[in-house]
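Right, one structure below, let's go through it.
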Amino acid sequence: MSPETNTLPAFTELGLAAPVLQAVQDLGYETPSAIQAETIPYLLEGRDVLGQAQTGTGKTAAFALPLLSRLDMSKTGPQILVLAPTRELAIQVAEAFQKYAGKLPGFHVMPIYGGQDYGTQFRQLQRGVQVVVGTPGRIMDHLRRGTLKLDGLQALVLDEADEMLRMGFIEDIEWIMEQTPATRQIALFSATMPPAIHRIAQSYLNNPAEVKIKVSTTTADTIRQRYWLVSGLHKLDALTRILEAEPFDAVIIFVRTKNETVELADKLQARGYSAVALNGDIPQNVRERTIQQLKNGKIDILIATDVAARGLDVERISHVINYDIPTDTESYVHRIGRTGRAGRSGDAILFVSPRERHLLRAIERATRKPIDLMELPSTEVINNLRISQFNQRITDTLAEEGLDFFSQLLENYEREHNIPAIEIAAALAKLVQGDSPLLLEEKKNHPAYSPASPREREQEQRKPGKRRDNAANSAFSSDDDTIEMNRFRIAVGRTHGVKPGNIVGAIANEAGLDSRFIGYIDIQDDFSLVDLPAGMPKEILSDLKRARVAGQMLNIELTEESAADYSPSRSGGGGGGKRKERDRDERSDRRPRGDAPASHRRDPARSERPDRRPRGEKDKAPFAAAGDKPRFGGDKPRFGGDKPKFGGDKPRSSKPASPGKKGPDKDKGKPTRFK
């Protein structure tokens, strides 16, 4: 590797062919990037190169310029073959070759990729091309058909080799390399160097010059990285607030699935944004047209899957928003590499749900760079911005010509109807605004679904005056100090070995839910029921569906059963409502007393409160009236006739009951509440 230097040579000093150098100068390039300055001399000498540099550093020009300088324009067959992982990158590289070869008469480059008509590719190959850029699968098809011949190949380039490895192309790449002449020159470029890439380099490259651009982090310093911790506000509402408050030119928003690209694009369009989806199911000609429209400024927002994470280099992209956090750090690096390219500044925003904090920490470790917490624009900020924009529209309109006619109309209306001018102006403003309100309404986040981590909540509780008054100061506090609850069904039960503590832990920790607000828990054989505060945000519900307890996915869903009202403050503060612990010795799904913190243990004085409704009695009111029959016991067994549920009065076990223990439990199966 060349020694590091703070002074980079000019393109004129690198020895490029005159037509190529002229094209570079016409494009306005003067000084090469670090990867270009180190790589170009080696490739001009004909040496193999193993290059490592992060995305967005100018790798395309690093191999295109020297290889074009060595091109023999008297030959019409393929002399340069570039393998790229995606169609978008193949098109991007082909466009770059075309620009750099603008002064080479008779030059032809052809991108080859899946989704494009074979007939068109056959005809172009027959006419003759000097450079072929393609994806491994389609290149293999043409080689097997005999429509692509590599007898005269001079150079082979593997671009974004680590991405091709991740996508499973490694065997295809090796097969293609075996079809090339032994004398060809090879340039391999990759953002990372996993062992499989090193193995290919050792097997196929001949004494390569290694070029590694050292960087302090794997993300560009020109990119400002922030994250928003998903809380009660819907992600779509948060996204639109960001788009409204952040000054941007063009934005790429990344989601996980193809369906989400279309759904999110439709929702943003309904809110007045120029947004378009980009995914693998969209026809290739439409995808190419979409990218061109993004470049031309006809669309401002692109909703994409990772298929667009590589190869897009659009100067207008000022923001990258990870609507769904990527599950691997490399994808994150490549995603945000779509902005802040070639020295330009950019912004990267990451949406993180409470259960995805570990992914955020992994990204920070991999990039060796902290990601700042983003404060979402408040309702007040958005409303002030909207008012300012509304005022500016009035100012701009007043500066235009042609208002005399409308002034005369309003004067006549004011005189004929005796309506003040200010009221007429207000009516016209409402007419222009339409049905959509100008200002946002303040929405209070549900305090139960706090995004704070357990550690943050613990620190908050330790603040002076917070510990005792937490429940009383809750936003739920009211005259009767009760909150509305919904009943949910989770797909884990007694047969899976689940304990109440497992359920409480999963809901509290995975979704960032304050455990004080977890109500009744009823564990059945293959499912359980749990009462949670009404108004659960969709994002938290989605997170809980994927959470696992006792090896089972919760698959939580709202039931039609009504849930009893619940008071977190009556629990004694800091603990959640008292979940009755009857039949502790008989029920196997009870958490041992020693496992429970003191605040979770049964209060004997309150254990037989009559205002708790049995779960099975759906048709009864949530609270028992004073004159009702006692909830437990009585002459008539709960489950029909005079026949006891568990076979008369015979004990469940043949062993005599030990002193201090209860007899057979006739109330087995009735709901209990746990802490």
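A few comments on the model shown:
- Residue match in segment 536-549 (condition: modelled with pLDDT of 90 or more and part of a strand (DSSP E or B)): no
- Arg335 vs. criteria within 25 Å of Leu264 (Cα to Cα), open to solvent by 30 Å² or more (accessible area, probe 1.4 Å) and in contact (Cβ under 8 Å) with a residue 24 or more places away in the chain: no
- Residue within segment 108-118 that is outside any loop (DSSP other than H, G, I, E, B) and in contact (Cβ under 8 Å) with a residue 60 or more places away in the chain present: no
- Conditions (1) of a type in the set (A, V, I, L, M, F, W, C); (2) in contact (Cβ under 8 Å) with a residue 40 or more places away in the chain; (3) touching a strand residue (DSSP E or B) at 6+ places or on another chain (Cβ under 7 Å); (4) closer than 24 Å to Gln389 by Cβ: number failed by Phe254: (4)
- Among the residues of segment 18-31, the one identified as outside any helix (DSSP H, G or I) and touching a Leu at 6+ places or on another chain (Cβ under 6 Å) is Thr31.
- Filtered by the rule that a residue be under 23 Å from Ser345 (Cβ atoms) and surrounded by fewer than 18 Cβ atoms within 10 Å (Cβ to Cβ), segment 249-268 gives a lone residue, Asp249.
- Cross-chain or 6+ apart pairs with Cβ under 6 Å, segment 185-211 first and closer than 15 Å to Lys59 by Cα and modelled with pLDDT of 90 or more, then buried (at least 21 other Cβ atoms within 10 Å of the Cβ) and of a type in the set (S, T, N, Q): Val211/Thr39
- Any hit, segment 317-331, residues being free of Cβ contacts under 8 Å to residues at least 40 places away in the same chain and among the small types (Gly, Ala, Ser): yes
- Residue check for Leu532: among the hydrophobic types (A, V, I, L, M, F, W, C), closer than 30 Å to Asp324 by Cβ, modelled with pLDDT of 75 or more and surrounded by fewer than 18 Cβ atoms within 10 Å (Cβ to Cβ): no
- Unmet requirement for Pro85, which otherwise passes all of (1) in contact (Cβ under 8 Å) with a residue 40 or more places away in the chain; (2) surrounded by fewer than 20 Cβ atoms within 10 Å (Cβ to Cβ); (3) part of a loop (DSSP other than H, G, I, E, B): (2)
- Qualifying positions in segment 212-228 - modelled with pLDDT under 90 and either farther than 30 Å from Asp372 by Cα or charged (D, E, K, R) (or both): Lys212, Lys214, Asp221
- Scan of segment 52-82 for residues that are free of Cβ contacts under 8 Å to residues at least 60 places away in the same chain, in a loop (DSSP other than H, G, I, E, B) and hydroxyl-bearing (Ser, Thr, Tyr), ordered by number: Ser74, Thr76
- In the condition set (1) at negative phi; (2) open to solvent by less than 60 Å² (accessible area, probe 1.4 Å), Gly402 is compliant with all but (1).
- Qualifying positions in segment 269-300 - assigned to a loop (DSSP other than H, G, I, E, B) and open to solvent by 20 Å² or more (accessible area, probe 1.4 Å): Arg271, Gly272, Tyr273, Ser274, Gly280, Asp281, Ile282, Pro283, Gly297, Lys298, Asp300
- Residue ID - most open to solvent (accessible area, probe 1.4 Å), chosen from residues in segment 510-527 that are under 18 Å from Asn555 (Cβ atoms) and modelled with pLDDT under 75: Glu510
- Matching option when the condition is surrounded by fewer than 21 Cβ atoms within 10 Å (Cβ to Cβ), modelled with pLDDT of 90 or more and of a type in the set (Lys, Arg), among Arg138, Arg123: Arg138
- Number of the condition not met by Asp300 [criteria: (1) of a type in the set (D, E, K, R); (2) at pLDDT below 85; (3) under 20 Å from the mean Cα position of the chain (by Cα)]: (2)
The values are calculated or read from the model by the stated rules, or taken from the named source; none is laboratory data. No experiment lies behind these values; they were computed from the predicted model shown. Every residue, glycine as well, gets a Cβ built from its backbone with ideal geometry; the counts of neighbours run over all protein chains shown. Heads up: the accessible areas ignore ligands, DNA and RNA and are worked out on the full protein's heavy atoms, side chains in. Shrake-Rupley method; radii C 1.70, N 1.55, O 1.52, S 1.80 Å.
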